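The values are calculated or read from the model by the stated rules, or taken from the named source; none is laboratory data. The structure presented is a predicted model; accordingly, all values stated were derived computationally and were not measured. Using ideal geometry, Cβ is built from the backbone for each residue, glycine included, and neighbour counts are taken over all protein chains shown. Note: areas computed on protein heavy atoms with side chains; ligands, DNA, RNA excluded. Shrake-Rupley method; radii C 1.70, N 1.55, O 1.52, S 1.80 Å.
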Amino acid sequence: MSRLRAMLSTTAVRLSALYLGLFALCAVALVFYVTAISEGMQRDRTQDAIANELRIVAAAYRGGGVAGLVRIIERRSRQPGANLYAIATPTGELIAGNIASLQPGVLDAEGWSALPFRYERIGETANENHRALAQVVFLPNGMRLMVGRDLGEREQVRGLVRQALVMALAIMFAGALAIWFFVGRRALKRIDHMSEASKKILAGDLSQRLPVNGSGDEFDRLSQSLNTMLGRIERLNEGLRQVSDNIAHDLKTPLTRLRNRAEAALVDDGSPAARQEALEQMIADSDQLIRTFNALLMISRVEAGSSTAQMSDVDLSGLAQDATELYEPLAEEEGVKLTAQITPGLTIRGNRELLAQSLSNLIDNAIKYVGDVPEPEIVVTLSRSGNEVRLAVSDNGPGVPANRREDVVKRFVRLDESRSKPGTGLGLSLVRAVAALHGGQLLLDDAQPEATENPGLAAIMALPGET
C-alpha cells in the first residue's frame, strides 16, 4: 500500500491524471457539441420533409377535396417507413391516418408542435413509447390535418453517441490506470536506484554513480549532470587528499630541520660565527617555507580566477626574450646552453606577471632537470599555430615518462623522490593553472621523439592568440 501511495505521488502519475481530466473534459464537450449539431441538422431535415409532405397532401386536397385527402393519406400511411398522418374532426376525433392515439393537446394549436409528443401507431401495443414532431393544419371546414415524423432515429443516434462516449471514457480511464501503473512503477524504480546510489555516496563512496539506462529522458540527463558533478567532486577530494599528504611530507622535513637547528643553537656554546651560520640556515629554511606557501596561495588564487581583472595586452615576444636573457647567466653557471627562437610581435590578452612567473618556472625546471647529458641545451620557442600562440621550453635531458606526465603537474609531486634538488613541486601546477586562466592548456611531450635515449621534455603553453 505504501508503494502504491508513493507511485501515486509521482509527477508522472499526476501529469497523467491531469492530461486525462483535460482530455475527458474536451471529449465530453466535443461530443455534446457534435450531438447538438446532429440533432439540429436532423430537426431541420425533419421539418423540410414534413413541409414537403404537406405540399403533396395539400395538392391532393385541392384536387379532390376531403375524399381525395383521405385517399392519399391512407395510401401513403401504408408505405414502409411512412410518416405520421392524421385527420381529425374539429373536436379532435381521429377519422383517418396511421395514428391510434395522440398525447392530449397536440391538435389544439395550428403549426409546429413546440415539444416532442407521445403517440401510438395503429397495430402496435400500448406499452410502446414513441415520440414525434409534427405540423398541424386547420382545414377550411374545421377539420385538422397533422403530418409528423417519428423521433426514434434521433433518439437512437443520441443513445449511440452517449454509449460511445461512455465506452471511450471507460477505455481512456483503463488506459490511464495502466499507464499510471507501468510508467509510475518504472519511474519509482529508477528513483529507488538513484536513492540507493545516493545513500552510498553519502556514506563516503564517491566512486558511485547514478544509473543511466541510455533512454535520454529527463532522468538520464539529470543522472549525467550529477555524475559529472560527482566526478569533479571525487577528483577534487582526491587532489585535496594528495595535497594534504604531500604538504605533510614536504613541510615536515624542513620544519623538523628548522627546530633542530634552533635547539642546537640554544645548547651550543660554540663561537658567535657558528651561531650566526645556524641563524642564517634557519632563515633560509624559513624563506623556503614562505615560498612554498606563497606558491600555494598563488595557485589557489589563479584557479579561483582572482587575477582575471588584471588582464591586459601582453607583448609575449618581449616577455619571452626578457626571461631568456634573465636566465642566461644562471644557465651558463650550470653549464647549460640557453637559446631562444621567438617570433616577434606576438601579443595576447593576459596577465603579464603570471605569464612571466610561469615561463620562469618552466626555464628553472629545465635547468634543474636537464640532467648530465654531454651537451645540455634548453630552447625557448614562441610561435603561432592557427589561432593559438605556443610558448614552449624544450630540453635534451632524460625527459618525463609518458605515464608520469599527468602526475608531475599535480601539487607537490616530484619525480625526484629523494628531494635532492631544490624546489617545492608546485612549479608545473602553477603553470597549468595560469594556462587554464588564460583559456589555454599546458602540454607535455618529448622534445626529441626520435631519440631512444634522452628524448628531452617539451613543456608547451598553448594559449589563445589575438588575430
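Note on R349: accessible area is roughly 130 Å² with a 1.4 Å probe, heavy atoms of protein only. Surface listing: E74, E453 arranged by accessible area from highest to lowest gives E453, E74, probe 1.4 Å.
Quick one: compute the contact order of region 33-94, relative version, from alpha carbon pairs under 8 angstrom and 6+ residues apart, as a percent.
After rounding, I find 16 percent.
Taken along its three principal axes, the alpha carbon spread of region 17-110 comes to 68, 26, 24 Å, from the longest extent down to the shortest. On the protein heavy atoms, probe 1.4 angstrom, tell me the percent of accessible surface of region 424-465 carried by carbon and sulfur. With neighbouring chains kept in place, the figure for region 424-465 is 46 percent. Its relative contact order, with pairs defined as Cα atoms under 8 Å and 6+ residues apart, puts region 35-181 at 19 percent. In this structure the amide hydrogen of I378, modeled in the peptide plane, comes within under 5 Å of the amide hydrogens of K337, L338, T339, none closer than 5 places in sequence on its chain. Modelled spin-label separation between L226 and D313, with each label point placed 7 Å from Cα along the Cα-to-Cβ direction: 5.0 nm.
For region 71-82, 3J(HN,Hα) computed residue by residue from phi via the Karplus equation (6.51, -1.76, 1.60; θ = phi - 60°) reads 4, 5, 5, 5, 6, 6, 6, 8, 6, x, x, 5 Hz, glycine and proline entered as x.
Remark: accessible surface ordering of T35, T452 (largest first) is T452, T35, probe radius 1.4 Å. In the full protein assembly as shown, how much of L160 is accessible to a 1.4 Å probe, in Å² to the nearest 10? Taking all protein chains as shown, L160 has close to 110 Å². With all protein chains in place and ligands, DNA and RNA left out, the 1.4 Å accessible area ranks K189, K199, K410 as K199, K189, K410, largest first.
Heavy-atom accessible area for E218, with the other protein chains in place and a 1.4 Å probe, reaches approximately 110 Å².
If you plug the beta carbon distance of R384 and Y19 into 1/(1 + (r/R0)^6) with R0 = 60 Å, you get a FRET efficiency near 0.55. Couplings 3J(HN,Hα) of region 429-434, computed from phi: 4, 5, 4, 5, 5, 5 Hz, in residue order, whole Hz [Karplus 6.51 cos²θ - 1.76 cosθ + 1.60, θ = phi - 60°; x for Gly and Pro]. Peptides 428-434, 95-101 ranked from most to least packed by the mean count of surrounding Cβ atoms within 10 Å: 428-434, 95-101.
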